[in-house]
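Laboratory data are not the source of any read-out in this text; all were calculated from the coordinates shown. Keep in mind that what you see is a predicted model, and the values were worked out from it rather than measured. No Cβ is skipped: glycine too gets one built from the backbone with ideal geometry, and neighbour counts run over all protein chains shown.
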Amino acid sequence: MTDYGHDLLFGAFVTPSATAGAELAVVADRAGLDLVTFQDHPYVARFHDTWTLLSYAAARTTRIKLAANVLNLPLRQPAVIARSHATLDRLSGGRIELGLGAGAFWDGVEAMGGRRLTAGQSIDALGEAIDIIRQVWDTSTPGPVRASGAYYDVSGAKRGPAPAHAMSIWLGAYKPRMLRLAGRAADGVVPSLSYLPGGINDYADLNRHIDEAAEAAARPPAAVRRLLNINGTFSDFGRSFLDGPAEQWAEDLAGVALDHGVSAFILASDNPADLELFAAEVAPAVRDLVAAERA
Amino acid sequence: MLHRLEFGALVTGAGAAVEAERRGLDLVAVQGDGAWTRLSWIAGVTERIGLVAQIDLAEHAPAVLARSAASLDLLTGGRVTLALADEPGTAEAVEIVRNVLDAGEPRPYRHLGEHYRVPQAQRGPLPAHRIAIWLTGADARSVRLAGRTAEGWIGTPDELAATGKLLDEAAAEVGREAAEIRRVVILDPRAASASEPGAADLFELSVAALLPLVVEHGAGTFLLRTDDPDELRRFAELREVVLRELPEPPPAPIKPAAVRAKRRPGIDYDNVPASLAATAVEPGDLDYARVRSTYMRGGAPGLVLRPRSTGEVADALAFVRAHPGVPFGLRSGGHGMSGRSTNDGGIVLSVQALDTMEVLDAAERLVRIGPGARWADVARFLMPYGWALSSGDYGGVGVSGLATAGGVGWLAREHGLTIDHLRAVKMVLADGSVVRASDDENPDLFWAVRGAGANFGVVTSFDFQVDEVGDVGFAQLVVAADDPADLLVRWGRAIEAAPRTLSGQLIMGPPRPGQPAFAQLMAVVDAADPSVIVDTLQPLAQLAPLYNQNVVLTPYAGIVNNAAEGYHSGQGDPVSRSGLIEHLTPAFAKAAAELIASGAVHWFQIRTVGGAVADIPPAATAYAHRSANFSIVAMGSSERRVDAAFAPLRSHFDGMYLSFETGLDHVADAFPPPTLARLRELKRRYDPAGLFRDNFALGDQS
């Protein structure tokens, strides 16, 4: 059993497409989910701009938290990411978290005029960006932002605004180097189950890298929340992992929470009925099962 | 006076924006830190008011900004305007934003400039309306840039007075009219100039103070810089007074110079009938991206006419008659394989707006459907009554293209072709006359419309008698096709032996290296009892080892609920060949298997006909090849390769189906000699000048 002691979050992972994105955020909000998230691919013309959609959706919802899943750093500037997230967090009463990725699909990034980096470079750039973002948010330290790295130089930039709440930075992370960055500097990781080559059992390796890096940086491993994007099918008869009725989903997810310390499940679906079922039947059942084990 | 006047507020907070909307102001603008985020939030808490953000280009890459702007415009139904300060790089940024928003242009956008590099950006998304770009800056260089490229210029009252002439001159130099540039005046009661002598009146917000700015300097938009509710209220009251006292602005919106520059030769754009002018689309218009291409092809028509009534269809045909040398296409859903629902440089008449649906007689199950409806819409409309009308296999297809050619669909063997349900049409003939055709009125025309309708006129409403259809079984099977010819023969036999309640299709593609050969079998069984459905499907499921199977019980509407969202953006020029055949004989199957293996076609499909389709005598409609049990379509990209590979199949065919054919010279295969002779005689009577000439023209070869 692995448990970092976080409260459980249940969310939606929504395609930022033309018509449905904002409506699904409203559905998720009303259904009682904790979180709605959107992927970010600015080089794909058929998708909405994620930040615009997220800002608009934040205004049309009342309770739910919102985050990019995850924001494409190479086509956005760290200081602008920091300020726009803080601005929206203040407008929304503290409902925004920051999902951030080092970038993938470099052909697309380059086509839009972004800088092509190797995987290693992109992680270093992400590390610099996290530092800049935290400095911009930190209005209690006097003086301007000091950051002149290999990838970003924003020394002298003004600080602020500060977010309305202690905003978390969640990283899309899979490989050791990225996981070590998360353990050292982030507040969470948000991998997708479908990208874990060995399935859910790979999460044990993810945790090991994160925990070691956190401890090396004198942080408690619990400083890093473990999130998971999931996909599955609600069907009448249980067949396999996350393919079956809601009760089976609850058992599957409670198992993941207890075995791997995953405390946030974000369902990739654009189907309102799936999101409602996830909120109404799966989430409370997982909470009960996990609470019973923890007690 | 150049524009309809607008009154807005330049605010900092979302609360002021909501108040501005409540008071009836026309727009709200934000600037400064986080302007785009704040505007996006304001968009979410308002419903109607126009939205302007002044963007700091140091914080927004222009290509990403374009997508952001298009997104918010789509989310808000077209409420967004961008304002940019004139800095180094602004001219490039304007160009990048405009080009990325130009989603109708198929090629990626490339810009390698001094300030920005965008090597190969996808274009789009297409915004909901043409997003205006306003520029600030009172120095001569900035004003000239605005005059040449922007839809608006922003400044103070003093700046407007000083720069108006220069703005006009710069516009005129590039062929733009002064009215293409809206002059936006910021009124700031708290600015230093507000305390200057003579300025007091202006910020008292009186009509007398604003009028000279409008009349002498062409101001079109006033933005009051305030978050104060009381000032917003007074400004909204002033708006009411000014709009009451000022004369009406010029009527028709002008076509910007950039749009006029894209006009095609030979089309008399300035004489488009008044009834159609507001909805017509030409190459520079925003909506062009939505209407230029079809499901399968790229197109570049010179003018798309979009009539909203039968009368407007007649107006459109009069305009087409005045353009005898110009290509002319008819478009409903834009799926036509022959490619004639778009063209290059010609006129397209789109009936998309004629999409009404109504029940005429519930006892007789008689419905009236507009030509622009799509079959998914029709199915959804009929579902609550427990009715369905067999159409094609795809819900995105438009009504009139299919319902004037045949309609080989999911219930064909049980209920016949779509045209077999037609009881009457209203149509506009080549000479502009409006007629009804049915068994009793113009029966010749009614006969011709059912199979060769595109040659005779534009149908503006279809009266169909539809069927009672409850839930049906819908099966999708993937089966091994190690011996494709053997599979075809046995599938054909199974279909012919099946009850009429079963209709379906078989799809095969070219072999893929490293993958076993397979076929997709789809079938509808019109039965509500799962055990009957399973029993009926058994012979198909036993044809070969199953790789995958999925059987669901669904309303008919659920099967054709598969239309993609958005508009068509097809590219290229596909080649499609069609054939109708009675039996899938071993000799035919061998030839077909060789065709599939040749790699010349990427799509090979056989749909079931026969059954009820064959109950109708061949002479009863212009669609005459009634004895066929199967309709075959093969698609590829090279006409030469497809024809060479398809040739061995031809001797097995008994005719072909127009809707699945791109070879416009194959008219004689679509209609047997007596049918063709009668069609040509009717063509001489109803369309002697050959107005409807571009889509399988019947010609005069008798």
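Just a few scattered comments:
- Relative contact order computed over the stretch A:9-294 (Cα-Cα under 8 Å; 6+ residues apart), in percent: 18 percent
- At an R0 of 45 angstrom, the distance between the Cβ atoms of residue B:322 and residue B:441 translates into a FRET efficiency of 0.95.
- About the Cα centre, charge dipole magnitude for chain A (Lys/Arg +1, Asp/Glu -1 at Cβ), debye: 1260 debye
- Each part gets one Cα centre, and for the stretch A:128-203 versus the stretch B:65-91 those centres are 29 Å apart.
- Nearest-20 debye value, the protein assembly as shown charge dipole, Cβ charges on Lys, Arg, Asp, Glu: 1600 debye
- Flagged links, alpha-carbon separation over 30 Å, of A:65/A:175; B:255/B:683; B:262/B:683: B:255/B:683; B:262/B:683
- Taking Cα atoms only, the orientation of helix A:119-137 departs from the longest principal axis of chain A by about 80 degrees.
- Placing +1 on each Lys and Arg Cβ and -1 on each Asp and Glu Cβ, with no other charges, gives the stretch B:6-245 a dipole about its Cα centre of roughly 880 debye.
- Model label zone, residue B:233; criterion: amide N under 16 Å from point 7 Å along Cα-to-beta-carbon; scope the stretch B:23-49: B:23-25
- Residues listed by number, the stretch A:149-177, amide nitrogen under 19 Å from residue A:217 label point at 7 Å toward C-beta: A:149-152, A:166-177
- Sites listed here are trypsin sites (Lys or Arg not before Pro) in the stretch A:87-171 whose DSSP assignment is loop and whose Cβ has at most 15 other Cβ atoms within 10 Å: A:115, A:116, A:146, A:158.
- Helix B:484-497 axis versus longest C-alpha principal axis of chain B: approximately 80°, rounded to the nearest ten.
- Peptide B:462-471 has a mean shielding of 0, counted as Cβ atoms of other protein chains within 10 Å of each residue's Cβ.
- Distance from the Cα centroid of the stretch B:476-525 to that of the stretch B:107-176 is 58 Å (rounded to whole angstrom).
- Among A:132, A:188, A:235 the positive-end extreme of the charge dipole of chain A (Cβ point charges): A:132
- Relative to the longest principal axis of the Cα atoms of chain B, helix B:157-173 runs at roughly 50 degrees.
- Estimated FRET transfer efficiency (residue B:677, residue B:627; beta-carbon r; R0 22 Å; 0.05): 0.65
- Each label point was placed 7 Å from the Cα along the Cα-to-Cβ direction; for residue B:482 and residue B:571 their separation is 4.1 nm.
- Take every DSSP beta bridge whose two residues both sit in the protein assembly as shown; close to 50 percent of them are antiparallel.
- Ordering B:448, B:146, B:72 by Cα displacement along the dipole of the protein assembly as shown toward the positive end leaves B:146 in first place; charges were set at the Cβ atoms of Lys, Arg (+1) and Asp, Glu (-1).
- Computed over chain B, the per-residue total of -39500 (n - 2.57) for DSSP H runs of n ≥ 4 gives a 222 nm mean residue ellipticity of -9500 deg cm²/dmol, rounded to 500.
- Per-residue mean of foreign Cβ neighbours for A:103-115 is 4 (Cβ atoms of other chains, 10 Å radius).
- Shielding by partners - mean other protein chain Cβ count within 10 Å, residues of A:57-66: 2
- Each of B:547, B:606, B:572 was placed along the dipole of the stretch B:471-665 (beta-carbon charges, centred on the mean Cα), and the one lying farthest toward the positive end is B:572.
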